[in-house]
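Chemist: Pasting a structure here, questions to come.
The values are calculated or read from the model by the stated rules, or taken from the named source; none is laboratory data. Predicted model only: the values in this text are computed from it and were never measured. Cβ atoms come from the backbone with ideal geometry, glycine included; neighbour counts cover every protein chain shown.
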Amino acid sequence: MMKNRKGEFEKRTALVTGGSRGIGRSTCIMLAASGARVAINFANNKDAANETLRMVKELGAEGMIIRADVSSEKDVNNMVKNVSAELGPIDLLVNNAGIAVSQSHLAISFADWKRMFEVNVDGVFLTTWAVKNQMIDQGYGRIVNVASLAGIILKKEMIHYATAKASVISFTRHCSEAFAPHNIRVNCVAPGLTDTDIAQSANPDSINQLINSTPLGRMAVPGEIANVIHFLLSEDASFVTGQTIVACGGRS
């Protein structure tokens with residue numbers, strides 16, 4: 001029997017990094033529809049964050065926007081402190097903030113490599129570390145990290161990005177075992193090509209190539225990835241931890 005999801009996350013507080021657009025926005029809306037209080041993190045685009053907040057509040061949910069660079073320990077610690085003060089201790093964390101760049105190995109500099117890891121790996125670590133003690137104290141926590149299909153398959157034009165996302169997958173596995181005794185589940189979703197601002201900024205020829213190599217013959221829409229995130233946060237996934245769910249239309 002299908003369960004009513006309207007109150008799935010009632011009285012739970014969710015923090016979604018990179019929550020203003022794309023997969024993050026869709027995740028915020030789904031969590032709000034399921035009763036969660038939603039903190040929408042953004043780095044630069046305040047207008048987009050406010051639009052997501054408007055959608056969250058239209059669903060009758062509490063919410064807030066909060067600016068933070070996830071690669072900054074100070075920003076992240078202040079973000080978690082402020083969210084906890086306004087919406088309550090964080091129960092659900094979605095580490096979605098990230099950057100992606102296609103570059104040949106001939107073009108990648110050490111500065112490019114460092115920035116890719118600062119946002120995509122350090123950001124996941126810092127935010128997880130900022131909330132994990134709250135979750136341990138309350139004996140409950142659900143974390144979903146957003147990696148990428150690039151962390152699994154070979155990507156010669158994205159060596160720094162692919163390596164960073166593979167690190168997120170490994171981080172997920174190790175944290176899941178360390179946190180399991182505290183009733184904290186940690187999982188990961190690895191999306192394939194998804195119709196987001198990052199994808200739309202890519203070369204149209206490369207996008208068409210990726211679509212042609214996808215058995216389902218299209219990009220994902222953000223809500224399809226958010227559905228996987230919602231599942232992993234929910235009690236439908238009560239015996240699932242340490243896993244990476246690949247949502248790629250059959251490319252892997």
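Chemist: Give me the residue from region 1-10 that is more than 16 Å from Val144 (Cα to Cα) and in contact (Cβ under 8 Å) with a residue 60 or more places away in the chain and, out of that set, surrounded by the fewest Cβ atoms within 10 Å (Cβ to Cβ).
Modeler: Here the residue is Lys3.
Every residue, every condition in (1) touching a helix residue (DSSP H, G or I) at 6+ places or on another chain (Cβ under 9 Å); (2) within 17 Å of Leu87 (Cα to Cα); (3) in contact (Cβ under 8 Å) with a residue 40 or more places away in the chain, yes or no:
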{"residue": "Val16", "(1), (2), (3)": "yes, yes, yes"}
{"residue": "Gly22", "(1), (2), (3)": "yes, no, yes"}
{"residue": "Thr27", "(1), (2), (3)": "yes, no, yes"}
{"residue": "Gly35", "(1), (2), (3)": "no, yes, no"}
{"residue": "Ala48", "(1), (2), (3)": "yes, no, no"}
{"residue": "Thr52", "(1), (2), (3)": "yes, yes, no"}
{"residue": "Lys57", "(1), (2), (3)": "yes, yes, no"}
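Chemist: Have a look at Ala220, Ala199, Ala178 and point out the one that is out of contact with any Lys or Arg (no Cβ under 6 Å at 6 or more places or on another chain), without any contact (Cβ under 8 Å) to a residue 40 or more places away in the chain, surrounded by fewer than 16 Cβ atoms within 10 Å (Cβ to Cβ) and of a type in the set (Gly, Ala, Ser).
Modeler: Ala178
Chemist: Okay, moving on. Would you be able to say whether some residue in region 72-86 is closer than 23 Å to Thr194 by Cβ and touching a helix residue (DSSP H, G or I) at 6+ places or on another chain (Cβ under 7 Å)? Talk me through it step by step, then tell me what you get.
Modeler: First, the residues of region 72-86 that are closer than 23 Å to Thr194 by Cβ: none.
No: zero hits.
Chemist: For the structure I just gave you, tell me whether His160 is in contact with a Phe, Trp or Tyr (Cβ under 8 Å, 6 or more places away or on another chain) and in a helix (DSSP H, G or I).
Modeler: When the stated conditions are applied, His160 passes them.
Chemist: State whether one or more residues within region 144-153 are within 21 Å of Ile225 (Cα to Cα) and loosely packed, with under 15 Cβ neighbours inside 10 Å.
Modeler: yes
Chemist: Follow-up question, since we're still on this one. How many residues does region 31-50 contain that are of a type in the set (D, E, K, R) and surrounded by fewer than 16 Cβ atoms within 10 Å (Cβ to Cβ)?
Modeler: Adding up the residues that qualify gives 2.
Chemist: Another question, if that's okay. Go through (1) in contact with a strand residue (DSSP E or B) (Cβ under 7 Å, 6 or more places away or on another chain); (2) among the β-branched types (Val, Ile, Thr); (3) farther than 20 Å from Gly24 by Cβ one by one and return the number of the condition Val83 breaks.
Modeler: Unmet for Val83, out of (1) in contact with a strand residue (DSSP E or B) (Cβ under 7 Å, 6 or more places away or on another chain); (2) among the β-branched types (Val, Ile, Thr); (3) farther than 20 Å from Gly24 by Cβ: (3).
Chemist: In the list Asp47, Asp69, which residue meets the criterion of being outside any helix (DSSP H, G or I) and either at pLDDT 95 or above or touching a Lys or Arg at 6+ places or on another chain (Cβ under 7 Å) (or both)?
Modeler: So the residue among Asp47, Asp69 that is outside any helix (DSSP H, G or I) and either at pLDDT 95 or above or touching a Lys or Arg at 6+ places or on another chain (Cβ under 7 Å) (or both) is Asp69.
Table: residues versus (1) modelled with pLDDT under 95; (2) acidic (Asp, Glu); (3) within 22 Å of Val16 (Cβ to Cβ).
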residue	(1), (2), (3)
His105	no, no, no
Ala111	no, no, no
Phe117	no, no, yes
Thr128	no, no, yes
Asn133	no, no, yes
Leu154	yes, no, no
His174	no, no, no
Ala178	no, no, no
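Chemist: Inspect all residues belonging to region 190-211 and state whether any of them is closer than 19 Å to Asn95 by Cβ and of a type in the set (Gly, Ala, Ser).
Modeler: Within region 190-211, one or more residues are closer than 19 Å to Asn95 by Cβ and of a type in the set (Gly, Ala, Ser).
Chemist: Here is a further query. Against the definition (part of a helix (DSSP H, G or I), buried (at least 16 other Cβ atoms within 10 Å of the Cβ) and of a type in the set (D, E, K, R)), how does Asp75 come out, yes or no?
Modeler: The answer is yes for Asp75.
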